[in-house]
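In what follows, a structure is listed as structure tokens, so that the remarks can point back to it.
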Amino acid sequence: MVMRMKNICPPGVFCITPGLLIAFGLVIAAIFIFFAQQRPHGIQERTQVHVPTPINVNVTTDGDGRYSQAPRPQRIWNSPPDLRGALIPPGGAMVNMPTRGLPESYQSMGLLKTEDGQMLPLYGRRTAARSDRFNYYTRTDTYNPVPLPIHYKRRDCQDDVGCDELMSGEEIKISPTGQVAKATLYRFDGPTYIPGII
């Protein structure tokens with residue numbers, strides 16, 4: 001005679017019996033087998049592998065290039081506006097926006113050679129987009145360069161109006177030192193396009 005164990009769970013309490021555990025395990029196994037059969041085995045997901053481009057480093061043994069060759073001047077034709085000091089409220093429009101647009105960023109435009117043979121860099125920018133007026137300044141040739149305003153054709157090139165565009169060979173006056181210098185401007189390659197495409 002087979003003796004059956006009596007249920008020892010008090011009434012109103014959920015008991016986990018061995019039969020309930022086996023039934024629960026069979027349900028989970030059936031769900032797992034069902035989803036394994038639903039997934040097609042022939043189709044594999046494509047994963048994109050990002051291969052970083054190798055960085056080419058040119059090592060020269062003839063010394064430091066900073067001192068042996070001059071840097072090639074570059075002109076940024078569509079320079080972004082300089083937004084320093086612009087008041088842009090979050091989610092709103094700019095405040096105190098110039099009516100002719102923001103001026104370009106200053107960039108290296110050429111060299112100034114003073115009467116005593118000193119070479120100084122010339123920095124410039126347009127006063128506004130599509131303007132023929134420019135702001136210019138130079139810097140002292142020391143370890144702590146200080147910006148120096150210049151005068152050209154009796155105009156201060158740092159004011160809001162600016163001064164006429166400088167050409168190579170023209171003379172300017174460095175305001176704080178009173179020196180007269182001759183300008184040599186870099187020749188920049190302008191933007192080009194292929195006419196048959198547009």
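Tabulated results
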{"quantity": "Cα gyration tensor category, rounded, prolate or oblate, for segment 115-198 with a/c compared to 1.5", "calculated": "prolate"}
{"quantity": "Pairwise FRET efficiency - ALA129 versus PHE34, Cβ, R0 = 45 Å, nearest 0.05", "calculated": "0.10"}
{"quantity": "Computed label-point distance, nm, for sites SER175 and ALA23 using a 7 Å Cα→Cβ extension", "calculated": "9.4"}
{"quantity": "Sorted peptide list for 156-166, 113-123, 14-24, criterion being average Cβ within 10 angstrom, highest first", "calculated": "156-166, 113-123, 14-24"}
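Only the coordinates and a few stated rules stand behind these numbers; no lab work does. Here the structure is a predicted model, which is why all the values come from computation and not from measurement. Neighbour counts are summed over all protein chains in view; Cβ atoms, including those assigned to glycine, are modelled from backbone coordinates with ideal geometry.
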